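The structure appears below as structure tokens.
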Amino acid sequence: MMAVSEAGSRVDNAYEWLLAEITGFRLRSGSPLSENRLATQLGISRTPVREALQRLEKEGLVKRTDNARFTVSQLTATEVNDACDLLELLDTYICRKAASTLTDEEAARLKGYVDDMFSAAANDDRAAWALADQLFHRTSNALAGNVLVAETVRETRRRIQRFWLRAASLQSRLLSCAEEYQELYEAMVAGDYAAIEPAVKKHIGHMRSRMCPMCFLTAGSIAA
């Protein structure tokens with residue numbers, strides 16, 4: 001149960017709590033989201049809960065049913081492929097832009113995140129791996145300096161990453177994914193722009209191949 005800060009925005013707090021519950025699979029795909037129940041659980045009124053749910057709806061993490069109630073979104077095979085197509089293009093752009101301005105200090109920071117991925121994979125720690133992955137991309141996005149592209153990538157990745165991390169964990173893919181990030185990092189540090197695109201496509205391609213079979217197995221949607 002979350003204690004909502006009096007000084008903070010109740011909508012923001014409700015949004016962050018719901019986001020963490022959804023991406024952490026504590027609220028599973030297809031789960032109904034009762035505004036009354038959530039408001040009681042969070043100790044706030046329905047209005048900030050509704051606004052938080054509407055924000056998550058715009059990001060694709062929540063959807064409305066025919067009776068206008070909210071549920072946690074499921075993911076179709078088409079949505080997986082569309083998201084991966086977009087990430088291939090935008091991640092390539094971001095990593096090339098980041099590589100063009102990369103300092104030794106920034107390179108060391110990226111290397112630290114890759115090392116954290118290897119450590120998390122060795123311990124089969126999905127949460128730690130996800131954090132290192134998030135920080136790698138957040139840093140690359142900042143270095144690229146394109147706010148619009150960074151925001152689009154952030155929302156697209158967040159929409160599908162919870163499913164990919166689950167698939168990767170179940171299929172013992174965290175280590176090989178860390179190796180893919182190592183390959184991408186080395187291309188960025190070397191300023192090898194030609195090598196960045198295939199490194200990105202290799203990683204996104206594996207992401208795609210792990211998630212899509214789950215879609216087909218569940219009749220077009222990934223159910224947690």
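No value in this document is a laboratory result; all are computed from the given coordinates. What you see is a predicted model, and the numbers here were worked out from it, not measured in a lab. Virtual Cβ from ideal backbone geometry, glycine too; neighbours counted across all protein chains shown.
Values as computed for the structure displayed
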quantity	calculated
Förster-model FRET efficiency, 25 Å R0, D125 and D66, C-beta, rounded to 0.05	0.05
Rel. contact order, % - alpha carbon contacts under 8 angstrom, at least six apart, the range 91-160	41
The range 10-41: chymotrypsin sites (Phe, Trp or Tyr not before Pro) in DSSP coil with no more than 16 other Cβ atoms inside 10 Å	F25
Relative contact order for the chain, counting Cα pairs under 8 Å that sit 6 or more residues apart, in percent	26
Rounded FRET efficiency, nearest 0.05, which uses the C-beta distance separating T139 from S176 and R0 of 22 Å	0.50
Across K97/K201; K111/K202; K63/K202; K58/K111, pairs whose alpha-carbon gap is larger than 28 Å	K63/K202; K58/K111
MRE, 222 nm, helices only [DSSP H, n ≥ 4, -39500 (n - 2.57), over the chain, to nearest 500]	-24500 deg cm²/dmol
Relative contact order of the range 98-139, defined on C-alpha pairs under 8 angstrom at six or more residues apart (%)	39
Trypsin sites (Lys or Arg not before Pro) restricted to DSSP loop in the range 62-122 with at most 15 other C-beta within 10 Å	R69
Charge tally in the Cβ shell below 12 Å around E21, where Lys, Arg are +1 and Asp, Glu are -1, E21 excluded	+2
Formal net charge of residues neighbouring F136 (Cβ-Cβ distance under 12 Å; K, R +1; D, E -1)	-2
